[in-house]
Amino acid sequence: MTAFNTISSKIKKRDEDFRVYTYDNSYLLEISGRNSDDDWVTSKVCITTIEELTEVIRDVLSIIPINQ
């Protein structure tokens, strides 16, 4: 399962912001929002390359709608 699939299976509407943590050997992407039951959830995924991180962020921003 890809990082985006992990996020999108949990979050159906995202908050306007997200966090990227940098570590010695990877990145942690933390995104909060609402699930399909309209409950608050947070997804945290580890990503090993800057290329994959960029791709996941692009997909999150273009596919998962903002919670309004």
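Bear in mind that the values in this text are calculations on the coordinates, not laboratory data. Note that this is a predicted model, so its numbers are computed, not measured. Note that we place each Cβ from the backbone using ideal geometry, even for glycine, and neighbour counts take in every protein chain shown.
Observations, loosely collected:
- Dividing the mean sequence gap of close Cα pairs (under 8 Å, 6+ apart) by how many residues the chain holds gives a relative contact order of 37 percent.
- Between 0 and 90°, nearest 10: helix 50-63 axis offset from the chain longest Cα axis: 10 degrees
- Surrounding net charge for VAL56, when Lys and Arg each add one and Asp and Glu each subtract one, Cβ distance under 15 Å: 0
- Net charge of Cβ neighbours under 15 Å - reference ILE47; Lys, Arg +1; Asp, Glu -1: -3
- Estimated [θ] at 222 nm from DSSP helical runs (n ≥ 4, -39500 (n - 2.57)) normalised by residues in the chain, nearest 500: -10000 deg cm²/dmol
- Local charge for TYR27 was computed over the other residues whose Cβ lies under 13 Å away, with Lys and Arg +1 and Asp and Glu -1, and equals -3.
- A simple spin-label model places pseudo-atoms 7 Å from Cα toward Cβ; at ARG34 and ASN67 they are separated by 0.8 nm.
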